[in-house]
Amino acid sequence: MAKMSSTAPRAADRILETATSLFYREGSRAVGVDEIVAGAGATKPTLYRAFGSKDQLIAAYLEGEAARFWSLLDTAVAGHPGDARAQLLACFDALETLSQQKGFRGCALSNAAVEYPDPTHIGRAVAVTHKTKLRKRLRELTREMDARKPKKLADSLLLLIEGAFVTSQIFGADGPPGVARSAAQALIAAHTRKADEPDKDGPDQDSRKG
């Protein structure tokens, strides 16, 4: 009998890789454990030993998707050190490129939040944690660029991002995500204070709350 290579993927890795592909393409509710282990060439006991339950496997999948998202954004931001405006626009450039990839089905974390309305579900918890982190990061960048009402600008940009994720699944590569960058640019321009221009809209009430 041939000796198995030490570099062969572990069963747990194969299970997660297979689940990731199936969950993203079909939605995690629609995919059963039998389909996952068959595709991974593994067994149910192996899956349960590695992940405990299907819900834990879903959480591992979503955590991996979140990590990939942040890797993409961090790479985009790294090209514009010290320039928050350019960093934000680079994020929208990356989003447009991502939305044009074959098989793109929006954001796995956004999809999971819709699939699992129960706030106690572990998959929803991972999604909420990720989106909260994204919202916080957007607020940090809008503050860095000295925007008027930075929290409102950040939430407006977040709406653009989430809208791009959803509409890309409806209209494909030629959909609204292609104009998300220009919309973001207009929002940023409208919220950016010039050095000699008073803030006619008054103070950002949200910012006074921390």
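I'd like the Karplus ³J(HN,Hα) series for segment 72-86: coefficients 6.51, -1.76, 1.60, θ = phi - 60°, whole numbers in Hz, and an x wherever there's a Gly or Pro.
5, 5, 4, 5, 5, 5, 4, x, 9, x, x, 10, 4, 4, 5
How much length, in nm to one decimal, is gained on full extension between Glu162 and Thr120, taken as 0.36 nm per residue of separation minus their Cα-Cα distance? Please report the intermediate quantities before stating the final value.
Details: separation 42, 0.36 × 42 = 15.12 nm, distance 2.25 nm.
Between Glu162 and Thr120, full extension yields 12.9 nm more.
At 0.36 nm per residue, and after removing the present C-alpha to C-alpha distance, how many nm does the segment from Gln56 to Asp93 gain when stretched out fully?
Numbers: separation 37, 0.36 × 37 = 13.32 nm, distance 3.29 nm.
Contour length minus Cα-Cα distance gives 10.0 nm.
Once the mean 1/r over all distinct Cα pairs of the chain is inverted, what Kirkwood radius in angstroms do you read off?
For the chain, inverting the mean 1/r across all distinct Cα pairs yields 19.2 Å.
Taking 0.36 nm per intervening residue step and subtracting the Cα-Cα distance, what contour gain separates Ser21 from Asp83 on full extension?
Roughly 18.7 nm would be gained on extension.
Return the sequence-ordered ³J(HN,Hα) values of segment 55-66 in whole Hz as given by the Karplus equation 6.51 cos²θ - 1.76 cosθ + 1.60 applied to θ = phi - 60°, using x for Gly and Pro.
3J(HN,Hα) across segment 55-66, in whole Hz: 4, 5, 5, 4, 4, 4, 4, 5, 5, x, 5, 5.
What FRET efficiency would be calculated for the residue pair Arg105, Thr192, taking the C-beta separation as r and a Förster radius of 30 Å, to the nearest 0.05?
The pair Arg105/Thr192 has a calculated efficiency of 0.30.
Distance in nm between label sites at Thr43 and Asp13, each 7 Å beyond Cα in the beta-carbon direction?
2.2
Read-outs: derived from the displayed coordinates by stated rules, not from any lab. Everything quoted here is computed from the prediction, not taken from an experiment. Note that we place each Cβ from the backbone using ideal geometry, even for glycine, and neighbour counts take in every protein chain shown.
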